[in-house]
Structure formats: C-alpha cells, structure tokens
Amino acid sequence: MPHEPTYSLETSPKESSRISRDHKRTTVRFTDDEFERIQEEARISGFSVPDLLRESHFKRRKLKLLFNEGERHWVCAELRRIGSNVNQIAYRVNSGTLEGWYEEFGKVLQLLSELQQMAVGAYGLR
C-alpha cells in the first residue's frame, strides 16, 4: 500500500494567533500522485495548497439535491419494482411466451433514460 502523504490545512502556531476563532481547520489526505499534482498546480498558479483547494471548491456551483432522503428511498424502491417487472417480461419474451413487446421495451428504455438524465443533470456524473 503506497504511503499517503498528509497535507495539513492547519496553520502554524505563529499564524494561528492572527486568525480569529471562527475559522475552521481540517486535514486532507492525498495519494502520492495526488499530492505531487496539487503541489505542482499550486506552484504554477501561485496559490498555496489550501488557497488552491478553497478556490476550486467555492468557485463551483453550490451542491443542489434533486431529492430529499425520503424521496430518494421512494425513487430507488420504484426503480427496483420497475426493474423486477422488466426482468419478468424479458424472461417471458425470451422464452417465446410473449411476442410483440419490443416496442414497449423501447418506451421503458426511453423513460428510464429520461430519469437518468434528470438525475445526472442535478447531481452530475458519478
């Protein structure tokens, strides 16, 4: 397992005496490659590592949730039910019991794709 350097965002004791008590601190762990990259980008940009991280985080759009926790559970449950129904239909179609369902599968695929696009639009790719 490669050594993970730790870059502390904490200030030195000398600097901390100048900072008001309402500031919060944290520690960020990087892999060796990540640490080299962030150091190089900080050097090129002229920012310190904490300033570079702060700048990159607060320049992006604020996180916006598409669903609250209850709604997420409901959507996931509904998608599981849909998936179960689609699997049952696919089993019957593939066994030759049902015919003429290919158009319906196309509609289901289109609706699921629209749902995925809506979720990706709100959350971004993961």
Amide H contacts of residue 28 (H built 1.01 Å from N, under 5 Å, at least 5 apart or other chain): 7, 9
Where segment 42-107 is the region considered: accessible area per residue in Å², 1.4 Å probe: 86 Å²
Fraction of accessible area attributable to carbon and sulfur, segment 23-80 (%, probe 1.4 Å): 54 percent
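The values are calculated or read from the model by the stated rules, or taken from the named source; none is laboratory data. Predicted model, so just to flag it, every value in this text is computed and none were measured. In case anyone asks, the SASA skips ligands and DNA or RNA and just uses the protein heavy atoms, side chains included. Shrake-Rupley method; radii C 1.70, N 1.55, O 1.52, S 1.80 Å.
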